[in-house]
Amino acid sequence: MSVYPILALVATTPHASLDFSRRSAEFHPSIWGDHFIQYVSKPMKMDKKMEEQIIILKEKVRMKLVPAKEKASNPLTVSNLIDLIQRLGLHYHFEREIEEVLQQICNNYVENGIITLNEDLHSLSLLFRLLRQQGCHISPDIFKKFKDEQGKFKESMTRDIEGMLSLYEASHLRIHGEDILDEVLALTSSHLNLMSTKLSPSLSAKVNNSLNRPLRKSTHRLVARHYISAYEEEPFHDETLLLFAKLDFNMLQKQHQEELGHISKWWKDLDFTSKLPFARNRIVEVYFFVSGLCFEPQFSLGRRLMTKVISLTSVIDDIYDVYGTFEELQLFTHAVERYEF
């Protein structure tokens, strides 16, 4: 692909003059440089043994979910398993199974938007979050049971840190007009902030991470990277899930690095540094954004195309915002508008 000096065409117009100084935003160069190009020459090679291990581990995890779907399993047990799978970044392997299990819970234990299970704060909050994000209609009125006669949340509730954490995460799925969830978010945020310095180091780290990066506002890959390390420190962690999560994360990361390497090489071959020196190199940031939308391995082509399109759009944005004169931009806009596909 060649980049032609379109903006120079203005010099042929009657009113054009090159005797002016261009604006400059003085964007700093990309801090990444050519770092990711190295992955082009080091294509991902899936070790045969690792590939077989992932298949075996995936099936073992699937078998943990299948009984929950086929039998009347304890909804709390299976909900905790699904939450764990999602936090470890493995949910995309089991979308159908998770959907069926949660739909079964919704059909069996939800009436008119109310969860009929008489569970504690943590369990009810977890069920609320998982079911609502799956599309099941759940009313926030289920949390009224934790209020006293004066309509305030019971003080005893604030001593349950795990429950408060689950309630905090659940409150991020609120919609407009759900005042009780607005109240929940304010209460849990302030209380967890106050308590974070009085907890054990591991629990304090868990609280601070949730406050800074609630699940609803985080990307799946960042959640998985953090939680894999945190879960490994738990004394009774599931070795099968942990090993599967590590292998899967590393496999996906290698694929993402290789994709970014090819995109970085494409950008370098365009030679914007010399042809359009005023434009920003946003390749890495854009790819990070796009991978947050669709990180799964099957969306490789989509990530590459979206990154390229958004990066070129960023260059055009810099042409309008920084470099071009009014006359040049009029010509450029006209050229774009009359372009025939």
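The values are calculated or read from the model by the stated rules, or taken from the named source; none is laboratory data. Source: prediction; values computed, not measured. Cβ sites come from the backbone with ideal geometry, for glycine too, and all protein chains shown count toward neighbours.
Side notes on the structure shown:
- Options S156, S166, S125: the member that is hydroxyl-bearing (S, T, Y), assigned to a helix (DSSP H, G or I) and at pLDDT below 95: S156
- Residue count, segment 133-154 (criterion: surrounded by 18 or more Cβ atoms within 10 Å (Cβ to Cβ), within 26 Å of the chain's Cα centre (by Cα) and not aliphatic (A, V, I, L, M)): 2
- The set of residues from segment 134-168 being closer than 21 Å to Q103 by Cα and touching a Lys or Arg at 6+ places or on another chain (Cβ under 8 Å) comprises I138, P140, S166.
- For segment 279-292, the set of residues classified as surrounded by fewer than 18 Cβ atoms within 10 Å (Cβ to Cβ) and in contact with a helix residue (DSSP H, G or I) (Cβ under 8 Å, 6 or more places away or on another chain) consists of F289, G292, listed by residue number.
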